[in-house]
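Okay, so here's the structure we're looking at.
A short reminder: the numbers here are calculations on the coordinates, not readings from a lab. What you see is a predicted model; the values in this text were computed from it and never measured. Please note: Cβ atoms are built from the backbone with ideal geometry, for glycine as well, and neighbour counts cover all protein chains shown.
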Amino acid sequence: MTNESRFLTPTRRRFIQGTSLAGAALLLPPGLMTRGAWAAAPQKGGTLRVAMSPGSTSDTLDPMTYLDSPQFTAGLTLGNCLVEITKDKKPIPELAESWESSDAFKRWSFKLRSGVTFHNGKTLSAADVVYSLKRHIAKGSTSAAAGLLADIDDIAADGDLKVTIKHKTGTPDLPVILGDFHLVIIPEGFTDFANFVGTGPYKLVRFEPGVVLETERNENYWKPDRAFVDKFDLVFVNDDTAAANALMTGEVQGVSKLNSQIAKRLKAQGGVNLITSEGGSCTNIDMNCQSKMFSDVNARLAVKSAIDRKKMVEFVGSGFGAIGNDNPIPPNDPFFNKDLPQREYDPEKAKFYLKKAGVEKLDLTLQVSDAAYSGAVDSAALLQESAGKALVEREIRQAVGRRASDG
């Protein structure tokens, strides 16, 4: 990587960041999810419709193609992985009820849960797991998880309920890797993803890409503490205002991943319950280290010292987030370094580093687009205000009709 992508990283609290309905963060109408409802024993019944974005007519239910939260929410509504990742990012058994390693983590054995059935009635077996995982590393695979499994040497069935995985170099993190949302287990030989068959809490009723996913409860689901509503639907709504209107009119009962400013306004108006969960995503602004301007580390440090991160979270994120520290590791990550000193907004220090770089001012052009993330343009405006005190000149150029990451 030649771009330094760590000078602004406020962790945003994402809506439904993770698995299906577990650990969800939603805007809900009053009465649907009150404090009393959390404490009381869940009751089965009813329909839950949740608006999510983004959705596209090119979306599929093939786990290899999942890119964003609506896709993996759909996948983990319909299916399961070998391993489940908890909200504190620890691996726990899912379709694999236990595992063990040997030979310095190069050889792994996963024992499958017995009695689990797919939605078509087929019993889960080791052959299904082998087929599901090998798809991602097959020759010509375009799976987003191919890199995660690149060092896998072999995947083989050892009887009906045991899978052996050989790793080229050895890794203690294989259980965590197998909890990745792309690695949903499907029946051996399965390819009809328009009619997805999994082992998950809900069965597919109808999928219209970019429009709606309709599901019904899997009465044979093996987890007793999941799948309480009779029907669960994902409605794909790419416009935040339209999603908020759908919530207020009762067309949907929840809105996920809503613009933070709209969420704050709805909460202030009353009539909704805001449930948040801390996610692991971050926003960043990149500095091209191959350019003459940023080839000097002092120039990069000058920019980092000229960012008012607190204002970014307060005004752009409407308070929904945590202050980043020039790295993409969020505070809820087990590897987060709490002892690392927080970089503070310091215009005088920015000028100091600029002088060390041998320049009096930086004449910068920042290309931004809200297509990259909601609030990107506002972030740039705030950046211009705070950095201008130290860096003197800055121009904002808004990219129109394309994602900022396109070039």
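Which entries in the list LYS257/LYS310; LYS310/LYS356; LYS292/LYS355; LYS292/LYS356 go over 19 Å, if you measure between the two C-alpha atoms of each? From LYS257/LYS310; LYS310/LYS356; LYS292/LYS355; LYS292/LYS356, over 19 Å: LYS257/LYS310; LYS310/LYS356.
Taking 8 Å as the Cα distance limit and 6 or more residues as the minimum spacing, I'd like the relative contact order of the range 81-177 as a percentage. Display every interim value, and only then the final one.
Numbers: 152 pairs, mean separation 28.0, N = 97.
Dividing the mean separation by the residue count of the range 81-177 yields 29 percent.
Taking the number of Cβ atoms within 10 Å of each Cβ as an exposure proxy, the fewest-first ranking of LYS89, LYS304, LYS292 is LYS292, LYS89, LYS304.
Evaluate E = 1/(1 + (r/R0)^6) for GLU251 and LYS223, where r is the Cβ-Cβ distance and R0 equals 45 Å; express this FRET efficiency to the nearest 0.05. Display every interim value, and only then the final one.
Numbers: r = 29 Å, r/R0 = 0.65.
Given R0 = 45 Å and the Cβ-Cβ separation, E is 0.95.
Compared with the alpha-carbon gap, the fully stretched path from SER114 to THR276 is longer by 54.8 nm at 0.36 nm per residue.
The lysines whose alpha-carbon is closer than 18 Å to the alpha-carbon of LYS168, local same-chain residues fewer than 8 away aside, are LYS106, LYS134, LYS139. Here the relative contact order of the range 129-214, from alpha carbon pairs under 8 Å that lie six or more residues apart, stands at 26 percent. Taking the Cα centroid of the range 284-331 and of the range 39-93, what is the distance between the two, rounded to the nearest whole Å? Cα centres, the range 284-331 to the range 39-93: 31 Å.
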